Amino acid sequence: MDFNEPAGTNPADRGTVLGKSTPRIDGPLKTSGHAPYAYERHDVAEDQLAGYPVFSAIARGRITRIDSAAAEAAPGVVAVIRSTDMDVLGKHGMNVVPHFGGDEIRHYHQAVALVVAESFEAARAASGLVRVAYDAEGHADYDLSTHRDTAMARKAEPDQDVGDFAAAFAEAPVTLDETYTTPCQTHAMMEPHASIAQWDEEGRLTVWSSTQMVNWLVEGLCSAFDLDPDQVRVDSPFIGGGFGSKLFMRADSVLAALGARATGRPVKVALPRPAIANNTTHRARTIQRIRIGADRDGRITAIAHDGLSHTQPGGDGENSTAQTPFFYAGANRLITPRLVDLHLPEAHAMRAPGEASGLMALEIAMDEMAEKLGMDPVEFRILNDTQVDPGQPDRPFSDRNFVTCLRQGADRFGWADRNTTPGGRREGMWLIGHGMAGAYRGALTMNSGALVRLRPDGTAVVETDMTDIGTGSYTIIAQTAAEMLGLGVDQVEVRLGDSRYPVSSGSGGQFGAPSSTAGVYAACVKLREEIARRLGNVDAGSLDFADGRVTASGRSTSLAEIAADGEITAEDKVAFGEFQDDVLMATFAAHFVELAVHAGTGETRVRRMLAVCDAGRILNPLSARSQVIGGMVMGLGAALMEELAIDTGRGFFANHDLAGYEVPVHADIASQEVVFLDTLDPASTPLKAKGVGELGLCGIAAAVANAHYNATGLRIRDYPLTLDKVLEELPAI
Amino acid sequence: MTTDMTDQRSAPGADPGDRAAQMRSTVRFTVNGEMREIEIDNRTTLLDALREHLRLTGTKKGCDHGQCGACTVIVNGRRVNSCLTLAVMQDGHEIETIEGIGAPDALDPMQAAFVEHDGYQCGYCTPGQICSARAVLDEIAAGIPSHVTGDLSARIEITEDEIRERMSGNICRCGAYANMMTAILQVSRGAP
Amino acid sequence: MREFSFERAGDAGQAATLAAGDTGAKFIAGGTNLLDLMKLEIETPSRLIDVTGTGLDRIEQTDAGGLRIGAMVRNTDLAADDRIRRDYGVLTRALVAGASGQLRNMATSGGNLLQRTRCPYFYDTNMACNKRSPGAGCAALDSGGFTRPLGVIGISDHCIATHPSDMAVAMRLLDAQVETLDAAGNSRSIPLEEFYLLPGDTPERETVLEPGEIITAVTLPAPIGGHQAYHKVRDRASYAFALVSVALVRQADGSGRVALGGVAPQPWRRAAADAELPNGAGAVMARLLDGARPTAQNAFKITLAERTLAAMLAEAEGN
C-alpha cells in the first residue's frame, strides 16, 4: 500500500478496539517468567556452549600479541577465538566501529577474544587466562571542552542560516547567551546484549538475539560473515529493553556466530554488565551555546544554537540542535551542529537522540528568557508557537497542538498557584520549586510490512519482523488487526521478531508503533479485498466486519466460514510517500514538575510530574502512558544523576556498572500523571497515529532543572544537577 | 590481563582427579515445592543453577553483581539476589521462583495486578519485581523497618513511601515504577 | 571466577582450623561482596569455607549491659531487633540506609565489616591499583582519574579508596568491639577504632585480622541514649553508596558523638571532634576533617559533611 496522501476515513477509525486501554497480550508470559529472552533459548538448539569475551584493557592502540595457550588448556574450554586471527569483520552500515577482527583497538573494552567452553563458569574463568599485549597510545586528552578548535560540521545535518541572526541578535532589546552541557549517558537496559548462534551444514546462520531491528541485524551478519540474506535467520521475540543500544549489530551476535563456526556447536554469548558501557554505544556529551533575542513583548526575533558533541571518526555524535530549527518561531536563525573526533567508545543513538539532550539546554534557555522578559514561561512559549517551519514558512506542521498541551497542563497542574520568586518557598528543611518545559520530538515513519492469516476457525494471525522492546507492539498490532477484521483482541495471535516474517519498521526513533501498525493495516486491507473477492467480487469498501462476521449487502457470513476451506493469507507493506516531506510531522508535550531540594545537603526529591502529550491517535492509552512515564523517569535520571564519568586521561567510562552509573530507583519516583490530547494526524499514517516512545523523555529534564532553579534560586546549566554543584551557594542552615 | 594462576590451582602433590572432584558438589534443595538434586561446579551461582541447570529462566540476569535486582528469588521465605549466592550454599533450602508463584493461565494476584496496571514494559526486571513486591508486603507485616520508617517503635503501615523505598533494590529502566505502585497497593488492600 | 573447593564449618573453631595455614582459604557468609569480587577475579580464593552454619546468629545481652551480635546475624535481623531499635537506633538507621532489602537479607554483621572498597579502579582489573596489586600504582590518582566518589581524609598517595559500609559507621560511633577467634583457639576483642588500618603505603592491608582469624561477634557497650540519627547523602534516593554519611548521637546537654562514612578508608571519628559538638557542625568538622586532602572532584564532601551535620543538629533541636 502506498501512503501517498493524508488518510481519509477508514475502518481503523471505528475505535472499537484501537484507542481503548488494553492490557498487554504478552503480559501473562512476562509476569510469570515464561517470555523467552535471547540467552534463555534452551529449546532452540541442543548442546549449547557458553562463550565469554575478553575485552581490551586499553582505549587506543594495537594488539601486539594474544597468548591463549593457558586458556585453551583450561578445563572445559573448547575454543578460543582471537581478534588477531582474522581481518576486521564487516559491520552494519549504521555501526561506526567494527566489532571484531584485526589488531587495532579503537576504544576501551573492545572485544579482542572469545573463550568458548562447556559451561559459563569455565568460559569466564578461562577468559582471565588469555593474555593480551598491547602497543598502547599513551595518555591523551579526552575532554570535549578542550577540543572545540577541531570541531567540524556534521555530515548528516547542514547548518540552518535563515535571515540575519547576528544583526537581529544585536538589535534585540532582550537577549540571552548561555552555554549548557549534558554528559555522556548509557542506555542501561536491564537485559544485557545476548545472542545464541548456530550454523547448519549448508552454511546458513541462525541467531537468536535481542535486537530492536531484526532486518538490520540480518544485514549486519551478512556483512560480517559474507552471507546472503537468505542464509541468515534472526529471531528476537522478546527484548529486555534497548533504548537505542540494540538498534544495530553488536559484539554479542558476532562473537556467538564466530564461536559457533569454530566449534560446530551452538554458542551463546551475553555481554557482561561491566563491559556494556564501554563496549557498546552511548549518548555523547554535548556543549551547547544558545543565544536568543526577543523584543520587549516576548517575540523571539533571533535564535542560535551551537551544539558540539564527540564521535569516533565516521560517526554522527549527538545532534543537540535537532529540534531548534522547528520548535519556536523567529525570523533569524543560526543552527550549527558540530562534531569532534574523539576515541571514546562509539557515540550513537540513545532514546530521542538529539532532542533529549538538546531540549535539556533549549528549555532552560527558554525559562531564562521568560524570566528576563518578566513573562510566565508558559505564556512565553505560547507566544512563540509556530504552525509552520520557521525556516521554510510554506511548509506547515501536519498537526501541532503544543499550545493546547501548555494550557491544559498549566490548568491541571495548578501552575498559577506556584511561587514565582526563586528560592522563595520553604517547608521545614526543604526548598520547594515548580518548573515546566516544552517537548518536541520528530514523528518519523518507516516502511513496514506484515502478513495476516485468517485461520479456518475464524481467528487471525499476524506475522511481522517488528519487535516489542517493551513498547507494547504485540498488543497494538493485535488491536489493529482486531479492529480491521472485526475480531476481539484475544482472537488475534501476533508473531514478532523473526526474520522469516515480512520486514517491518523495527523499533527505534519512536517510529515503531505508527509504522508497524500501518503495515498491519495494509495487510488487513489486502485480506479484506480477498474476502470481498470470495464473497462474489463485492466492493471491499462496503464490507462491515464485526463480531467475527463480515456483512456485505445485508448478508452476514462468519470469518470461519470464509476460511473453512483453508487459511487465507494476505501480505503487504506500507510505503510512505514523498508528500510527507512537504509537511513537518512531530509530537509535542508540556511537562510540569514539583520538587523539593534539601536546604542543608542539596538532595533533590521530585514530588510530582505531569505531561500533556500531543501525538495523534493513541493506539493503546495504557501502554502509551507507560511509554511516557518511562521516558519521564529516564529524564529525571538525566536531570539529577546520570553521567558516564570519563577518565579524561585514559579515554574510557570509569563508572561502568549499575552501581557506579546511577539510574532512578523506585524511591526517586513519586506521582506521575499523563494526559493525551484527543488528536489525529492524517498525514502520519492510515491510523493517524504518531509514536510516544521518546516524547516523554524530551523536555522533562529541563522541567526538573527549571523547578530546581525555582526552588533554590541557583541556575545550574551543567547536567546532571548533582548536589555538589549547588552546595556552596545554598542558604545557611 | 590476569596472569596465569595454574600453579596455584593444583595443590602440590594432589591427585589432579581428586582436585577436580573437589571443585564440584552435589546439592539438594526444594524449588517451587519440588525436591531437586543437581551436581554442579562449585562456582555456580543460585541464579545460574536455576537458569542453566534447572532451566527455570524466569529469574533474570541483569548485572550478575547485585546491582539491579532482576535475579530476586525467595529463599527460606526471604527475598535474596540469586546472583550473589552460590548454589552449593543452598543445600536443604526452600527456593521459590517466579514460576512457582503463578503460571500464565493461573496468575497470582500480584502478577495479575501487574498485568492490569501495566506495571512493566520490556518485562526483563518483572519477575524480580514481583518476587520483591510480594516480599515487601510480608516484610512490612513482619515489622521490619526501612530507611523511611518514622518511629522505630511503632507499627509500620503500608504507605507509598514504604513501598517505594523497599522496592528500590529492583531497577526498572523502562520506568514502570508508578504503575507497579498501583498494582502493589491494590494487592495490599486485598482488592481483586 | 577461579575454581575453588567448598567446605562447611559447623562452628567458628572448626572454621578457623580449616582455614589455618591456607592462604587460599576464605570464609563465605552472605557472599554479597565476596562473590561479586570473585566474578571479577579481584578475589581469587582456592577454597571457600561456608560459615553460615556456625550458629553465630544470635543477639545476646552482655554482662556489661550491652549486646553481643553474632557475626552471622543478617543485616535485616539486626536492624529489626527490638533492642537495637530501642537502644541503638543509629545502628538500625545505618543498616536500613545500606544496600537493598534483598542484600540486607543476605549480608551478615561480620561480612559487612569486611566489605571492600567500591573504588571504580579497584573494581576494574585493567587499571593500576595498589590495593589489588601492591606497587602497581593508583589509576584514580593519575591525571584525568575519576575521583568524585573517593576519599578525602585518612588516605595516602598510594590509595584514596573509601570504606563503603554504613553499618560500620554506626558501630564505630557506638564504640563497638570486634570479637575474633583463631585456629589455636585464641579469641580477642578489638575495638572497631583499631580494627581498620589506614592505607599508608600498604593499602592492601585493610584490617588487623590475621590470616585465618574469624570474626565471631560484634559487641556493643551499654546503651548511651540520646538523640540518635544517621543521614546518608547519595545521588539517588536509595540503593546507592554514600557520598557522605553522618552518624550522630546527641545528648540533652549538647554533648555527643559524630562519625562519618563515605570520606575515608574506614568509619571516620575523632574524639577531639566529638568534644566540639556543643559548638556546632563547623567546629566539629574543623577537627574531624582537619588534614583532609580532597581532589578537585570530591572537595564538596568537606562542605557536604558539615552541612549535613548542621541539618541534623537543627533537626535534633526541633529546628
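The values are calculated or read from the model by the stated rules, or taken from the named source; none is laboratory data. In this text the structure is predicted, and so the values were computed from the model without any measurement. Methodologically, a virtual Cβ is constructed for each residue, glycine included, from the backbone with ideal geometry; neighbour enumeration extends over all protein chains shown. When the accessible area is computed, the model is the full protein with side chains, heavy atoms only, and any ligands, DNA or RNA have been set aside. Shrake-Rupley method; radii C 1.70, N 1.55, O 1.52, S 1.80 Å.
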Residues of the range B:120-143 buried by at least 50 Å² on assembly (accessible area, 1.4 Å probe, chain alone as reference): B:Y120, B:Q121, B:C122, B:Y124
Sparse-neighbour loop sites [trypsin sites (Lys or Arg not before Pro); the range A:264-331; at most 14 other C-beta within 10 Å; DSSP]: A:R296
Long-range amide H partners of A:F652 with built H, under 5 Å: A:D647
Dipole magnitude of the range A:640-719, debye to nearest 20 (Cβ charges: Lys/Arg +1, Asp/Glu -1, about Cα centre): 260 debye
Estimated [θ] at 222 nm from DSSP helical runs (n ≥ 4, -39500 (n - 2.57)) normalised by residues in chain B, nearest 500: -8500 deg cm²/dmol
The range A:438-561: projected area of the alpha-carbon convex hull, averaged over directions, in nm²: 8.6 nm²
Helix-only CD estimate at 222 nm, as mean residue ellipticity for chain A, using -39500 (n - 2.57) per DSSP H run (n ≥ 4): -7000 deg cm²/dmol
Mean residue ellipticity (222 nm) of chain C, computed from DSSP H runs ≥ 4 via -39,500 (n - 2.57), nearest 500: -7000 deg cm²/dmol
Buried accessible area, chains A and B (both chains, 1.4 Å probe, Å² to nearest 100): 5100 Å²
Chain A - Rg (one decimal) and Dmax (whole number), Cα, Å: 26.6, 85
A versus C: buried accessible surface, summed, Å² (probe 1.4 Å, to nearest 100): 3100 Å²
Selection from A:G391, A:Y328, A:P353 lying farthest towards where the dipole of the range A:321-392 points positive, charges on Cβ: A:G391
GluC sites (Glu not before Pro) lying in DSSP loop within the range B:92-192, provided at most 14 other Cβ fall within 10 Å: B:E157
Accessible area (Å², per residue) of the protein assembly as shown, counting only protein heavy atoms and a probe of 1.4 Å: 32 Å²
Modelled FRET efficiency - R0 35 Å, B:D91 with C:D201, Cβ distances, 0.05 increments: 0.20
Neighbourhood charge, 12 Å Cβ-Cβ cut-off, centred on A:G264 and excluding it, Lys, Arg +1 and Asp, Glu -1: -1
Per-residue HN-Hα couplings for the range A:536-541 [Karplus 6.51, -1.76, 1.60; θ = phi - 60°; Hz; x = Gly/Pro]: x, 6, 6, 6, 4, x
C:A296 versus A:D161: modelled label distance in nm, points set 7 Å from Cα along the beta carbon direction: 3.5 nm
Projected area averaged over orientations for the range C:5-50, convex hull of C-alpha atoms, nm²: 3.0 nm²
Backbone HN-Hα couplings from phi across the range C:270-287 [Karplus 6.51/-1.76/1.60, Hz, Gly and Pro as x]: 9, 4, 5, 6, 3, 5, 8, 4, x, 9, x, 4, x, 5, 4, 5, 4, 7
Net charge dipole size for the range C:5-50 [Lys, Arg +1 and Asp, Glu -1 on Cβ; Debye, nearest 20]: 20 debye
Long pairs among C:K131/C:K301; A:K30/A:K155; A:K91/B:K61; A:K725/B:K61, criterion Cα-Cα beyond 30 Å: A:K30/A:K155; A:K725/B:K61
Net charge, C:S187 excluded, C-beta distance under 14 Å - Lys, Arg +1, Asp, Glu -1: -3
Dipole moment magnitude, nearest 20 debye, chain C about Cα centre, only Lys, Arg, Asp, Glu C-beta charged: 780 debye
Shielding by other protein chains, A:112-124, mean Cβ within 10 Å: 3
Shape call, chain C: gyration tensor on alpha carbons, a/c limit 1.5: oblate
Principal axis dimensions, largest first and in whole angstrom, of the protein assembly as shown by Cα: 97, 75, 63
Rounded, prolate or oblate (a/c below 1.5 giving rounded, otherwise prolate when a/b exceeds b/c) for the range B:22-100 by Cα gyration tensor: oblate
Qualifying lysines (Cα of each under 25 Å from Cα of A:K690; at least 8 residues distant if same chain): A:K20, A:K246, A:K526, A:K573
14 Å beta-carbon shell around A:T648, net charge (K/R +1, D/E -1): -1
Chain pair B, C: total accessible area buried, heavy atoms, 1.4 Å probe, Å²: 3800 Å²
Three-way shape call for the range B:109-188 based on the alpha-carbon gyration tensor, with the a/c threshold at 1.5: prolate
Drop in accessible area of at least 50 Å² in the complex versus isolated chain, residues of the range C:236-274, 1.4 Å probe: C:R236, C:A237, C:S238, C:Y239
Heavy-atom SASA rank of A:E5, B:E39 (probe 1.4 Å, accessible area, largest first): A:E5, B:E39
Within the accessible area of the protein assembly as shown (1.4 Å probe), percent carbon and sulfur: 46 percent
Virtual spin-label span in nm between C:R188 and A:R296, 7 Å along Cα→Cβ: 8.2 nm
By average C-beta atoms within 10 angstrom, highest first, the peptides A:6-16, A:343-353, A:482-492: A:343-353, A:482-492, A:6-16
Under 15 Å from the Cα of C:K39 - aspartates and glutamates, other chains or at least 8 residues apart: A:E121, A:D657, B:D41, B:D48, B:D64, C:E3, C:D124
Ranked order, B:T59, A:T206, C:T44 - accessible area, probe 1.4 Å, largest first: C:T44, A:T206, B:T59
Most fluctuating residue given options C:E210, C:E41, C:E60, as computed from a GNM of chain C linking Cα atoms under 10 Å: C:E210
Peptide-level mean, for C:84-94, of C-beta atoms on other protein chains within 10 Å: 2
Separation of the A:R62 and A:D230 label points, Cα + 7 Å toward Cβ, nm: 4.3 nm
Per-residue mean of C-beta atoms belonging to partner chains within 10 Å, peptide A:636-648: 3
Amide H contacts under 5 Å for A:E643, placed H, 5+ residues apart: A:E662
Positive dipole terminus of the protein assembly as shown, leading residue within B:I144, C:P223, A:G27 (C-beta point charges): C:P223
Percentage of interatomic Cα-Cα distances in the range A:1-114 larger than 19 Å: 70 percent
Per DSSP, loop GluC sites (Glu not before Pro) in the range A:557-597 with at most 16 further Cβ within 10 Å: A:E567
Hz values of 3J(HN,Hα) by residue in the range A:49-54 - Karplus curve (6.51, -1.76, 1.60), Gly and Pro given as x: 9, 9, x, 9, x, 10
Percentage relative contact order, the range C:230-318, counting C-alpha pairs under 8 Å, at least six apart: 22 percent
Lys/Arg +1, Asp/Glu -1 at C-beta; the protein assembly as shown dipole; positive extreme among A:L714, C:Q177, B:L185: C:Q177
